[in-house]
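These notes are about the structure you will find just below.
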Amino acid sequence: MATSRSEAPLFRRVLVANRGEIALRVIRACRELGIETVAVFSEPDRGALHVRQADHAYPVGPAPAADSYLRIDRILEVAARAGADAIHPGYGFLSERAVFARACADAGITFIGPAPEAIEAMGDKLEARRRVGAAGVPVVPGSPDPIADDAQVEMLARAIGFPVMLKASAGGGGKGMRLVDTPERLASSLRAARSEARSAFGDDRVYVEKAIVRPRHVEVQVLGDRHGSLVHLYERECSVQRRHQKVIEESPSPAVDQAIRERMGAVALAAARSVDYVGAGTVEFLLDQDGSFYFLEMNTRIQVEHAITEAVTGVDLVRAQIEIAAGRPLAFRQQDVVQRGHAIECRIYAEDPDNGFLPAPGRIEVLRVPSGIGIRDDSGVYEGFEVSTFYDPMISKLIAWGATRPEAIARMRRALREYVVVGPTANVAFHRWALAHPAFVAGDVDTGFIGREWRPGAGAAHLDADLPLIGAAMAAAVQRAVRAGAVAPSGPTAASRSRWKQAARREACRD
Ligand code: MV4
């Protein structure tokens, strides 16, 4: 099939080394580009959507990721057998393993991502600080080298000023991190950080930084091609998270004005250039209350929240990744990238916000996904699909776009009213609570928002008006599932449950 842009496809066949919504996202991009796709799947994923949508599909092992989606040998074996000429790693799994990128190259297969050297440099947080710092990027004041001993960390911390943050050089995403308020706690925190780093990464190098109090997490999307062109696609606000797991993201950031935006974009490009970055990447910053910002780390992959940048800039980031990997120059310049309107993403998880956000896997009995103007839902599941305990419990990414932030919020709230999941407990009510919270509505969130504001049960007040949207067939299915004892109603509170059941029964009896 010829594409609209050129006769020869960029690749003949792309292996997608991932599962879930991101595997589908890549398969869709390939389909639009006229590229065949090869899915890989673990045993429980045999019936998954990515397997159904790909042109070819091969098993790679049992449920544990270490025995399937992380098996470099099996994935490369499948690539060879299926005749794939490129591999897209998605996010997570093998996406930031330099050894995998290198193994692909050695096998003569294009890794759709940056060079292994760039993955490696950014994967080591001390090396990343050194590299970007030398390029003039602001980094949080701290030690340039690993901490040697208790005496040294005390000297450094006193010079920096408390509170300080101890971080694992091999870490990232919060693992091996310790906040230290007083000198008395330094030695024991250092010991704890070291042992966590050693067991998690097999590398116990720890360094110290000044702790930024109540920071925002703001990140900048970049794209670099093989011809030296590097552009940024502006920022995403990712402060609404818990335990280093993002829950709501938006673009633009309500905390970023035009002056910060321009500086942050330029700084992100300098950081990416310091490792000759090629492909799609994200430069993360801590934004202080006074408007100063500091490089945190660079993610050398496509990210979950990339779709809000797509909504605001109109750039298909996954297509761009594939084009870049095929050696095409970027089709646009920095001045062509403009932010238009506002986008918000709510990550719909099979988890219980009333019970410590514990994962709540299970069979999806009923699924009603919102749509309508300004709404995109990227999902890897369907009714009857089992959300497995083995993988991330994300059900879908719900994205709302509006011309303004209030319009995007209104559309998201409307979409969240339409969203019905029966089977696993889902965090839909949590999102309704968050999108109605005065601080969120004011754009006044930082990384402590959920921890400070969320109380178990707070979602109940936001669950009312979805009943009219539940159709008869669905209501009947819900009833059957609930009567059979297979599921508990996921949405309603105890107070509204009987009302809800009555309404469902009325609906079911209508036809
Ligand atoms: C920090 C910080 C405050 N000061 N560093 C958490 C994830 C890891 N990548 C870095 N993290 C942080 N580093 C200094 N010097 C606060 C955090 C942090 C955080 C950062 C981004 C998003 C959410 C967060 C939640 C808690 C702490």
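If only residues of the stretch 395-408 that are of a type in the set (A, V, I, L, M, F, W, C), within 20 Å of the chain's Cα centre (by Cα) and over 18 Å from GLY47 (Cβ atoms) are counted, the one that is surrounded by the fewest Cβ atoms within 10 Å (Cβ to Cβ) is TRP401.
With respect to the conditions (1) at pLDDT 95 or above; (2) within 16 Å of the ligand (Cβ to nearest atom); (3) outside any helix (DSSP H, G or I); (4) among the β-branched types (Val, Ile, Thr), VAL153 lacks only one, and its number is (3). Just one of the listed residues (ALA79, ALA118) is surrounded by 24 or more Cβ atoms within 10 Å (Cβ to Cβ), closer than 28 Å to GLY224 by Cα, under 22 Å from the mean Cα position of the chain (by Cα) and small (Gly, Ala, Ser), and it is ALA118.
The residue that is farthest from ARG13 (Cα to Cα), counting only those in the stretch 299-329 that are away from the ligand (no atom under 16 Å from the Cβ) and part of a loop (DSSP other than H, G, I, E, B), is GLY314.
Condition first: surrounded by fewer than 16 Cβ atoms within 10 Å (Cβ to Cβ) and within 23 Å of SER253 (Cα to Cα). Can you find one or more residues in the stretch 368-389 that meet it? Scanning the stretch 368-389 turns up at least one residue that is surrounded by fewer than 16 Cβ atoms within 10 Å (Cβ to Cβ) and within 23 Å of SER253 (Cα to Cα). When LEU94, LEU70, LEU76 are checked against the criterion of being outside any loop (DSSP other than H, G, I, E, B) and either at negative phi or touching a Ser or Thr at 6+ places or on another chain (Cβ under 7 Å) (or both), a single residue qualifies: LEU76. Taking the criterion of being within 13 Å of the ligand (Cβ to nearest atom) and either surrounded by fewer than 23 Cβ atoms within 10 Å (Cβ to Cβ) or farther than 26 Å from ILE450 by Cα (or both), the only residue of the stretch 217-232 that qualifies is HIS217.
Checked against the criterion of being closer than 30 Å to GLY92 by Cβ and more than 15 Å from the ligand (Cβ to nearest atom), the candidates ARG178, ARG131, ARG185 yield just one match: ARG131. Being under 18 Å from PRO393 (Cβ atoms) and within 24 Å of the chain's Cα centre (by Cα) holds for only one residue in ALA17, ALA23, and it is ALA23. Would you confirm, using the coordinates I've provided, whether ARG191 is near the ligand (Cβ under 9 Å from one of its atoms), out of contact with any His (no Cβ under 9 Å at 6 or more places or on another chain) and farther than 16 Å from THR300 by Cα? In short, no. Is it fair to say ALA439 is modelled with pLDDT of 90 or more, among the aliphatic types (A, V, I, L, M), more than 15 Å from CYS346 (Cα to Cα) and in a helix (DSSP H, G or I)? Judged against the criteria, ALA439 is a match. All of (1) of a type outside the set (D, E, K, R); (2) away from the ligand (no atom under 16 Å from the Cβ); (3) in contact with a strand residue (DSSP E or B) (Cβ under 7 Å, 6 or more places away or on another chain); (4) closer than 24 Å to ILE212 by Cβ hold for ALA442 with one exception: (3). Among the residues of the stretch 368-382, those that are modelled with pLDDT of 95 or more and either among the β-branched types (Val, Ile, Thr) or more than 20 Å from PRO406 (Cα to Cα) (or both) comprise VAL369, ILE373, ILE375, ASP378, SER379, VAL381, TYR382. Can you tell me which residues in the stretch 262-318 are small (Gly, Ala, Ser) and touching a strand residue (DSSP E or B) at 6+ places or on another chain (Cβ under 7 Å)? Across the stretch 262-318, the qualifying residues are GLY265, ALA268, ALA271, ALA272, GLY279, ALA280, GLY281, ALA307, ALA311.
Would you confirm whether or not the stretch 111-128 contains a residue that is within 13 Å of the ligand (Cβ to nearest atom), more than 30 Å from ARG13 (Cα to Cα) and either small (Gly, Ala, Ser) or not in a loop (DSSP other than H, G, I, E, B) (or both)? Yes: one or more hits.
Just one residue in the set ILE160, ILE147 is modelled with pLDDT of 95 or more, more than 12 Å from the ligand (Cβ to nearest atom), surrounded by 18 or more Cβ atoms within 10 Å (Cβ to Cβ) and of a type in the set (A, V, I, L, M, F, W, C); that residue is ILE147. Residues to consider are PHE332, PHE293; find the one that is within 16 Å of the ligand (Cβ to nearest atom) and among the aromatic types (Phe, Trp, Tyr). Among PHE332, PHE293, only PHE293 is within 16 Å of the ligand (Cβ to nearest atom) and among the aromatic types (Phe, Trp, Tyr). Scanning the stretch 215-262 for residues that are at pLDDT below 95 and touching a Gly at 6+ places or on another chain (Cβ under 6 Å) yields one hit, HIS244. Within the stretch 309-353, being buried (at least 21 other Cβ atoms within 10 Å of the Cβ), among the small types (Gly, Ala, Ser) and closer than 22 Å to ARG376 by Cβ holds for ALA311, ALA320, ALA343, ALA350.
The values are calculated or read from the model by the stated rules, or taken from the named source; none is laboratory data. Note that the structure is predicted; figures quoted are calculated from it, not measured. Neighbour counts are summed over all protein chains in view; Cβ atoms, including those assigned to glycine, are modelled from backbone coordinates with ideal geometry.
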